[in-house]
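First the structure, in the form of structure tokens, and then the observations on it.
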Amino acid sequence: MQSFEGENLTQWIKNHGRINQHISLDWLFQLTNILDTVHRSGFFHRDIKPDNIIYQPNGKLALVDFGAARQITRTYLAKVSTSGGTKTGLGSGHEITVVRTACYSPLEQINGQAVPQSDFFALGRTFVYLLTTVSLIEIKIDQKTGKLLWRDKAPHIDKSLADFIDDLMSLFPGQRPQSTQVILQRLQRLPLKSNINRIISSKTFRLFTFGVLALVLFYAYKAYNWSLSNYYFNEASRNLNNPNIARKYYELAIKYNPTDAAAYSNLALACQQLSDIKCVNDNYEKVFKLQPNSWEAHYGLGNFYDNQGEYTLAEQQYKLAVQYSNNQAMNAVSNLARIKNRQKKYSEAAVLAIEGLRRTQNPEWQAGLYKNLGWARFKQKRYKEAENYLRKSVKLDSKRIDAYCLLAQTYEAIGNLSKAKIYWEVCLRARIDLPEVQEWREEVLDRLFERN
């Protein structure tokens, strides 16, 4: 028999202590390859234990003491098979020479029905000792499952390696890996599984996982709130003619999405309809905190000041609306021209209106700009131009009552009283809240009463 230099693993453990995960994987590969050669040669060892494994000076392991080895023959396997010792049963039929080592030999081997998978059981038990340095007889066995309760004595190895060793030590041969090739394949995957388990069990990963979970929950909560907010915003939009209901829904939309600038802006408009000045100011203030350059909001606030007669403040907001819209908010330019007309600055009003007309193709905005240009020309006594611009205004927007009122005054100024009468009738009968229209109505009514 070939002799090997070195010390057996029982001695090695006494001198060096328990092995780590890296060494255990290396030794498992070495011993499984040795067993692969043995099993392919038609034998199995039947007495694997630390005493029968030599650690050589070159770091290689050698399996010794083949005195108990048994040849794998069809006759032998037939005897074991008819004894029921290859699957989940232990069998008790044919008598076969018993070779056993306490704590290392599986039950089927103790009962005389050893099979190649019996070597795997002993290999697993050997590594329990190498990883724990505790005598196997001192390690408790689970009375329900028959498993060795050893893991708490080897906390330095990964769960995947411990699971693999437990599989080698399964109570019945059929529950163990069925060949050395299966073992080698599993061993090749163990480092990856160990890395994954190490990552998963690390504090960093747990914190990362907690963070990801928290983010998922946060965004799910945000998505749910956004959905509710969007629902209430749409409900408010369906009730614009009822500002009380619209206000309620906009407030609910803001409750579930407090960063929705459009909801604040629209709520301010609803409050404007309800003459709730504090609500208007508060909500525009919130809009500008979220979107300081929102030209729509600046236009809305300018319109609010305009309706309040605060023309200086309105002018400031309209100019900001024009600035932040890259000169696209020509409705704000139209309103600026109107304010200049109200302030009797007709030349400035005309310049603004002409500039606005040059920049927009929007018919509604053009109608307002033509009206304000016609107004300025009327006050400058340029009646023909005034008539031309005002007629363009009503042609673009037949509901511009202020343009009808100005046409009535223009025709009256040039002595065309029949046309003036037609346009005054429209001006007097239509519902409109513009202060200049109210003033023009009062003026014409005063003249009528004076004549009578």
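Structure values in brief
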| item | result |
| --- | --- |
| Enumerated helices (runs of 4 or more DSSP H) restricted to the range 101-191, each holding at least 2 residues that are within 46 Å of the chain's Cα centre (by Cα) | 116-132, 159-168 |
| Condition broken by W365, with the remaining ones in (1) farther than 23 Å from L396 by Cβ; (2) within 44 Å of the chain's Cα centre (by Cα); (3) at pLDDT below 95 satisfied | (1) |
| Selection from the range 43-60 of residues that are among the hydrophobic types (A, V, I, L, M, F, W, C), under 17 Å from N15 (Cα atoms) and surrounded by fewer than 22 Cβ atoms within 10 Å (Cβ to Cβ) | I54 |
| So A262, is it over 21 Å from S294 (Cα atoms) and among the aliphatic types (A, V, I, L, M) | no |
| Near pairs, Cβ below 8 angstrom, 6+ apart or cross-chain, from the range 357-383 (in contact (Cβ under 8 Å) with a residue 24 or more places away in the chain) to any residue that is outside any helix (DSSP H, G or I) and among the hydroxyl-bearing types (S, T, Y) | Q366/T360; L369/T360 |
| Residue check for R382: out of contact with any Ser or Thr (no Cβ under 7 Å at 6 or more places or on another chain), charged (D, E, K, R) and at pLDDT below 95 | no |
| Every residue from the range 8-42 that is surrounded by 16 or more Cβ atoms within 10 Å (Cβ to Cβ) and outside any helix (DSSP H, G or I) | N8, R18, I19 |
| Any chance D166 is touching a His at 6+ places or on another chain (Cβ under 9 Å) and touching a residue at least 40 places away in the same chain (Cβ under 8 Å) | no |
| Meets criteria (within 25 Å of L301 (Cα to Cα) and out of contact with any strand residue (DSSP E or B) (no Cβ under 8 Å at 6 or more places or on another chain)) for L390 | no |
| Scan of the range 278-327 for residues that are within 17 Å of W365 (Cα to Cα) and of a type in the set (S, T, Y), ordered by number | Y299, Y318, S325 |
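Each row is one residue, and each column tells you yes or no for (1) among the polar types (S, T, N, Q); (2) at pLDDT 90 or above.
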| residue | (1), (2) |
| --- | --- |
| L31 | no, yes |
| G42 | no, no |
| Q71 | yes, no |
| G89 | no, no |
| S92 | yes, no |
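The values are calculated or read from the model by the stated rules, or taken from the named source; none is laboratory data. Since we're looking at a predicted model, the values are computed, not measured. All Cβ positions, glycine included, derive from the backbone under ideal geometry; neighbour counts span all protein chains shown.
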